[in-house]
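The values are calculated or read from the model by the stated rules, or taken from the named source; none is laboratory data. This structure is a prediction, so every number in the text was calculated from the model and none was measured. Cβ atoms come from the backbone with ideal geometry, glycine included; neighbour counts cover every protein chain shown.
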Amino acid sequence: MQPLTRNKQQGVGLIEILVTLLIMTVGLLGVAALQFTGSFANKDAINRTQAELVAEQVAERLRAAARPASQGDGIVAANAYFLTDNYNFSGLSCSGSNPYRCHCLSLPAAIPNCETDTCDENEMASYDGWALSCASVQTNPNMSLDVSCSDNNGADADLCSAGSRIQITVTWPVSNSANQQYALNERCSPDTGDNNACVFKDITL
């Protein structure tokens, strides 16, 4: 009778290697999904922060440009501040896909230079509209700006009479993914098929 001897296992078996690879794969997939979700959240945060800054700048420009109303008490901004043609580079041609590079690195010929020249209120509105549009596309080329007014007195010459509600809306398109779902606001996406996020401010002068 020979004594029984116990053989010790040497190295790592194939099953252990496969189990280790499976655990690592699941962990790496989780990290990748977290990075993907984080990139969406960061992009949305940047857009929302920039939109908040632009909307606040618009409100400040309107207050700085305000003058006494021609009728009644209160102050008003020039009618040109509420013309869509003064925003989002309307009427300016662009040879590239990035509006900031096309229109904002230098002052377009069609925009008055109110930094060095004397401008009337309509020219100032045109210059402000260009500058604010540049601020809106600085971080997202698809961001757009809208300034409108719910006029409370259609009998006077002002498009936005004293005490009227001014709506400032900064909009940008968004896309849903498996990890990031947007609850769309009807004010941001008024038309069927729109898929936009936005920041809006309602002010009176």
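Just one residue in the set N142, N176 is surrounded by fewer than 17 Cβ atoms within 10 Å (Cβ to Cβ) and modelled with pLDDT under 90; that residue is N176.
I need a count of the residues in the range 51-76 that are in contact (Cβ under 8 Å) with a residue 40 or more places away in the chain and either over 20 Å from N86 (Cβ atoms) or of a type in the set (K, R) (or both).
Within the range 51-76, the first condition is being in contact (Cβ under 8 Å) with a residue 40 or more places away in the chain, and the residues that meet it are 51-59, 61-63, 65-67, 69-76.
Narrowing further to those that are either over 20 Å from N86 (Cβ atoms) or of a type in the set (K, R) (or both): 52, 61, 63, 67, 69-74.
So the answer is 10.
Just to be sure, is Y100 hydroxyl-bearing (S, T, Y), assigned to a helix (DSSP H, G or I) and farther than 15 Å from Y127 by Cβ? Considered against the rule, which asks whether it is hydroxyl-bearing (S, T, Y), assigned to a helix (DSSP H, G or I) and farther than 15 Å from Y127 by Cβ, Y100 comes out as yes. For the range 93-112, indicate whether the set of residues that are hydrophobic (A, V, I, L, M, F, W, C), at pLDDT below 90 and touching a His at 6+ places or on another chain (Cβ under 8 Å) is non-empty. Yes, the conditions are met somewhere in the range 93-112. Exactly one residue out of V58, V54, V76, V19 is surrounded by 10 or more Cβ atoms within 10 Å (Cβ to Cβ), out of contact with any helix residue (DSSP H, G or I) (no Cβ under 9 Å at 6 or more places or on another chain) and at pLDDT 85 or above: that is V76. Of the residues making up the range 168-189, one or more are without any contact (Cβ under 8 Å) to a residue 40 or more places away in the chain, assigned to a strand (DSSP E or B) and not hydroxyl-bearing (S, T, Y).
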